[in-house]
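Bear in mind these aren't lab numbers, they're just calculated from the coordinates by the rules spelled out. Predicted model, so just to flag it, every value in this text is computed and none were measured. Cβ: placed from backbone, ideal geometry, glycine included. Neighbour counts: every protein chain shown.
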Amino acid sequence: MARRGSRLSTALIAGLILLFTGGPVLLAFYGSVVPDRILLDPNISILDHGLSFETYRYVFTGELPASYLLEGANRSMISDAARQVPQSLWNSTRIALAAMALNILLGAPAAYVFARYAFPGKKASFMFIILSPLVPTTALVVPIYMLMQSLGLIGSIYGIILVHTAQALPFTVLILSVFFRKIPAELFEAAVLDRCTGLQGFLRIALPLALPSIGATGLFAFMLSYSEYIFSLVLSGEARSRPVSVVMAALARNTDVSWSLLNTSIFIAIIPSLVLVVLVWRFVVEGLLAGSVKG
Amino acid sequence: MASVELSGVCKNFGAVEAVCDVSLSIKDREFVVFVGPSGCGKSTLLRMIAGLEEITSGELRIGGKRMNDVPAADRGIAMVFQSYALYPHMTVAENMGFGLKMSGVPKEEVRAKVAQAAAVLQIEELLDRKPRALSGGQRQRVAIGRAITRNPGVFLFDEPLSNLDAGLRAQMRIEIARLHAELDATMIYVTHDQVEAMTLADRIVVMNKGRVEQQGSPLDLYERPDNMFVASFLGQPRINFIQVRAESREGMAVLRLGAGDQVPLPPALSAAVEPGAALTLGIRPDAVGLSGEAADGSVAGSIELVEHLGSETLIHVRLPEMVGLTTVTMPGKGRVERGAACWLTFDPEQILLFDAGGTRLKPGAA
C-alpha cells in the first residue's frame, strides 16, 4: 500500500511540474494555431474550424492572415513587430552561440587555473569574479552603454555578445572550477610523468573529462544570453540587430496585438532553445551519469 | 644502470619538516620498501625521487646523475599510484601508450610496446576497454602496465595495493614479486603494510617522523631491530613489550617482572645489562611458550582471550600488574580455556631488551 501511495504522490508531483513547465508551451502552441476570433469567442468551437497556420505564414512571409481580411476584423492588431521575429531569431541565435563559445573559450581555462594552480591574488580575483553578478544590472546599463558607445558597438550584435559573455562568465568559471577541482591530482601527476606540459594536461586530460560540464555551462550561457532583455534593448538599436527578447517585449507591450500572432512568436522563439537542449542535453546527462559511477 | 642515491635529502612544507636528512643508497635492481605509519614522510620521499615534489635540500642521483632539477619525465622513472590514476576517457591501450605517444614515439612502436606489456600482465583482452569497465585488480594491472611501457630504470610504487581487498592484495603481491624478477629493474615501493614490506623487499627502510629509523633485510630488521619503534612496526601479531627491572643473581643478570617472577638472560645479553636498570623486554609471540605448569624462569598469568585463526591460535595472556596483554601464538587449533592459569616461558635467544629511551641493548661479549 505504502509503495502504491508513494508512486501515486510521485506521479502527482511530476504531473504538477509538467503542468507548470510544459503547460505554457502547449498553451502557446494552442494559441498560435487558433485564430483570435475563435480563441476569444466562447460560442465558436475550434473543432468546427480546425487548425490554422496563417499567423506562421505571416511571420515568415508577410502575407496577412485571411481571418483579418474578413469584414469587421481589426487590422491594427497585426503588429509589424511580428515581422521582425525571423531576423531577431537569427540575431539571437548568433549572439547566444557566440556568447556560449566565448564562455567556454575563456571560462574553461580560467576555471582550470583557479582549480589547479596557486598564484598571488587567487582568492581575491576568484571572489571578484564570483561576486560580480551581485551588482544590479540596472546600475550597469548606463556605464556599459557609454563604454559600448565609445567602442562604436551600439546597434550591432557584437556589443551584446560581449556583455552577455561577461554576464555568464562568473557562473561558467564557478561551475567548471568546482568540476576541475574534483579531478584527482594524481591524474595530472601521471600526466606530468607522461611528459605532458601544463597546457597539454589541460587539453588532453582535464578538457575531455570536463566535456559534460562544459556542455552544461555552455547551455546555461546560451539560455542566459537568449533571454537577456535590458542590455539587448539598450545596445541593439535598430530592428536589424534586435535580438528576439527585445522584439518579443515590443509585441507583448502592444495591448492591441493579436493573441494568435503573439503566441506564434512565442512558440517560434522557443524553438532554438529546444533544439539546443535536445542536441546537448542527452550528452550532458550521459556524461553526468558516467561520472557518477565511481571510476 | 639505475641505482638511486639520496644524500641528506630534506623536504619542508613551510615550517613543517616532512622528510629530514635522509641518506640512502639503492643498488641497481634492488627492491627497496619504504615502510612506516601514515605521515612518516615515506610517500613524500618517493614523490621527491619521482620529481613530483621539489627537494628542499640534499641531493638525488639516479644512475649516477644528479636529478634534483631534472623534470619528472626525464628521470627514467615510472610511477604506479595508489588510486591508479588511469585516464578515465582513454582506453586501456591508450592509457598504456600515452607516455610514449607524448614522447613522439611512432604509432606502430607504441602499439608493439603496449602489446608486449599487456602480454606480461595478461591483460591483452582488456586493451579496448575504458578503465571504468575494469575491476580494481584489473585497473591495478593496467597502471603497472602503463609503467612498464615506459621501460624505466626505476619503478616507483606508492601504496599500490591499499585499494584492493585482502585476497587480491595477496595475489598482486606475488605478481609484483614476479615482475621484479622478470623486468630486472630497480623498484622502490611505499607501503604502510608490514606484510607487503616483509614479503617483497630485498631491503626495508623503516621511516618515522620524516627520518629513517633503520634499514636492512626483512629478517635482519625482524630479528635485530634497533629500537622499539622498528620492533613494534614489523611482525604480525605485534611484538610483546613487558616492563622489567634488571637484577643480579649469582653473577648473572635476570629480569624481574612486576609480580616478582624472574626471567633469566643468556650470557651475551646478560653482560650488556646494568643491574637495577628499568628496561623493556621485547619478545615475539612465536618465541613465547605456554604451559599449564610452572617451570624455572616461567612467568605466571591467566588466559584472557583466545583467537582461533585456523592454522594458528593467538592466546592473549594477562600477566599480573601489567597494563597490556601478552600475546602468544601456538601452531594448530590448540584447545585452550579462557580464564585458566598458565605459565609463560620466553625463548632466551629471542629476547630483545630496550633501554628507557627505546634503543635496543646489543649483546656484549659473554
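Side notes on the structure shown:
- Relative contact order for the stretch B:126-225: 20 percent, from Cα pairs under 8 Å spaced at least 6 residues apart, divided by residue count.
- Cα lying deepest toward the dipole's positive end in the protein assembly as shown, options B:ILE55, A:THR10, B:TYR87, charges on Cβ: A:THR10
- Convex hull volume per residue for chain A, taking Cα atoms only, in Å³: 197
- Distance in nm between pseudo-label sites at B:ALA356 and B:SER135 (7 Å out along the Cβ direction from Cα): 5.6
- Build a GNM of chain B with springs between Cα atoms under 10 Å apart, and of B:GLU250, B:GLU213, B:GLU223 the one that fluctuates most is B:GLU250.
- Residue exposure sequence - A:LEU174, A:LEU151 - by fewest surrounding Cβ within 10 Å: A:LEU151, A:LEU174
- Here the sum of -39500 (n - 2.57) over DSSP H runs of 4 or more residues, divided by the residues of chain A, equals -24000 deg cm²/dmol at 222 nm, to the nearest 500.
- In terms of other Cβ atoms within 10 Å, B:LYS362, B:LYS27 run from fewest to most in the order B:LYS362, B:LYS27.
- Simple spin-label estimate for B:ASN68 and B:GLU223 gives 4.0 nm between the two label positions (7 Å along the Cα-to-Cβ direction from each Cα).
- Of B:PRO71, B:ALA166, B:LEU179, farthest towards positive along the dipole that unit charges on Lys, Arg, Asp, Glu beta carbons give the stretch B:4-226: B:PRO71
- Sites B:ALA15 and B:GLN122 - FRET efficiency at Förster radius 56 Å, r taken between beta-carbons, to 0.05: 0.70
- Dipole magnitude for chain B: computed about the Cα centre from +1 point charges on Lys and Arg Cβ and -1 point charges on Asp and Glu Cβ, it is near 1060 debye.
- Assigned charges on the beta-carbon of Lys, Arg, Asp, Glu; chain A dipole about Cα centre (debye): 1140
- Candidates B:VAL35, B:VAL306, B:VAL92: whichever shows maximal mean-square fluctuation once chain B is modelled as a Gaussian network with Cα springs under 10 Å: B:VAL306
- Cβ-based charge dipole, the stretch B:240-354, positive-most Cα from B:PHE354, B:ILE315, B:SER291: B:ILE315
- Spin-label pair B:ASP347/B:LEU314, simplified geometry with 7 Å Cα→Cβ offset, distance in nm: 1.9
- Residue order, fewest to most beta carbons within 10 Å, for B:VAL19, B:VAL254: B:VAL254, B:VAL19
- Note that the protein assembly as shown, at 10 °C in a medium of 1.306 mPa s, gets a Stokes-Einstein diffusion coefficient of 50 µm²/s from its Kirkwood radius over C-alpha pairs.
- When only the Cβ of Lys, Arg, Asp and Glu is charged (+1, +1, -1, -1), the dipole of the protein assembly as shown relative to its Cα centre reaches about 1580 debye.
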